[in-house]
1. Within the stretch 117-128, does at least one residue satisfy the condition of being among the hydrophobic types (A, V, I, L, M, F, W, C), in contact (Cβ under 8 Å) with a residue 12 or more places away in the chain and either surrounded by fewer than 19 Cβ atoms within 10 Å (Cβ to Cβ) or within 18 Å of LEU73 (Cα to Cα) (or both)?
2. For the stretch 151-168, enumerate the residues that are touching a helix residue (DSSP H, G or I) at 6+ places or on another chain (Cβ under 8 Å), modelled with pLDDT under 95 and in a loop (DSSP other than H, G, I, E, B).
3. Which of the residues belonging to the stretch 65-111 are in a helix (DSSP H, G or I), farther than 12 Å from LEU192 by Cβ and polar (S, T, N, Q)?
4. In the stretch 112-128, how many are more than 20 Å from PRO156 (Cα to Cα) and assigned to a strand (DSSP E or B)?
5. Anything in the stretch 129-150 that is in contact with a Lys or Arg (Cβ under 9 Å, 6 or more places away or on another chain) and either on the phi > 0 side of the Ramachandran plot or in a helix (DSSP H, G or I) (or both)? List them, or say none.
6. Please go through the stretch 141-175 and give me each residue that is closer than 18 Å to VAL78 by Cβ and aliphatic (A, V, I, L, M), ordered by number.
Amino acid sequence: MTALTARRARVAALALAALALAGCGTTTGTADGSTRFVAGDGSTVLLSPDERAPAPKVAGTTLDGARLDLASLRGKVVVVNFWASWCAPCREEAGALQQVYDETHAKGVDFVGIVSGGKDSLDNAKAFTRRFDITYPSMFDQDNSLVLAFAGQLPPSAIPTTLVLDREGRVAARAIDAVDRSRLLGMIEPVLAEKA
C-alpha cells in the first residue's frame, strides 16, 4: 500500500467515524468553528463491471443473534442498507426497502441492513424492524467497524446509504439518502440483468 493510499484510507475512516457520531447526514465545520448539519446529497452512483472493487470482508451478528457473513451471499445480488432507528430518512425508506426485497428476493436478491450503533441501541433497532415489518436481517454495528470496512469502496457517507453488490461481491452502486422503490429498482435491475 502506498503512503498516499494509506493516507486516503485513514482520512476516509476518520470521516466515516465522524459520520457515525453525527447522525443522519454529516456535520461539517465552518469558518467560525461552528458545525452545521448537512443532509445526504441524494446522489446515486452506478459503476460498470470494470470499475468495481470487491466489497470488504464484513461479518457480524444480526439483531436476532445469528452470525452473518456477506461472503456467504456471493452468487446473489446483495443490497446493503446502512440505517439507524433514530434517523427520519431511514423511517421514510423502510417501507420501500421491504417492498423491493419482497419483489426481488425470489429473483436472487438478498438484503442486509447494517445498523450504525454509535447513537443507537439494540433494543431500539429491534423495535424499528418490528414497527416497519422488516423481514430481512440487519447486523448491529456497535463500534461502527462494519461501516468503516467500506472506506475504500464507495463509502456510506451519510445515513441512510444503500449499496448494491454484484454476484461477485463487488460494489456496483450506491445511493446516499433515502431511496424510494423506483430509485432502488433502478440500482438493482441493471446488476441483476448481468450474466452470472
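1. The answer is yes; a qualifying residue exists.
2. PRO155, PRO156, SER157, ALA158, ILE159, PRO160 - these are the residues of the stretch 151-168 that are touching a helix residue (DSSP H, G or I) at 6+ places or on another chain (Cβ under 8 Å), modelled with pLDDT under 95 and in a loop (DSSP other than H, G, I, E, B).
3. SER72, GLN98, GLN99 - these are the residues of the stretch 65-111 that are in a helix (DSSP H, G or I), farther than 12 Å from LEU192 by Cβ and polar (S, T, N, Q).
4. 0
5. Hits for the stretch 129-150 are ARG131, ALA149.
6. Within the stretch 141-175, LEU146, VAL147, ALA149, LEU154, LEU163, VAL164, LEU165, VAL171, ALA172, ALA173, ALA175 qualify.
The values are calculated or read from the model by the stated rules, or taken from the named source; none is laboratory data. Because the structure is predicted, anything quoted here is derived from the model rather than measured. No Cβ is skipped: glycine too gets one built from the backbone with ideal geometry, and neighbour counts run over all protein chains shown.
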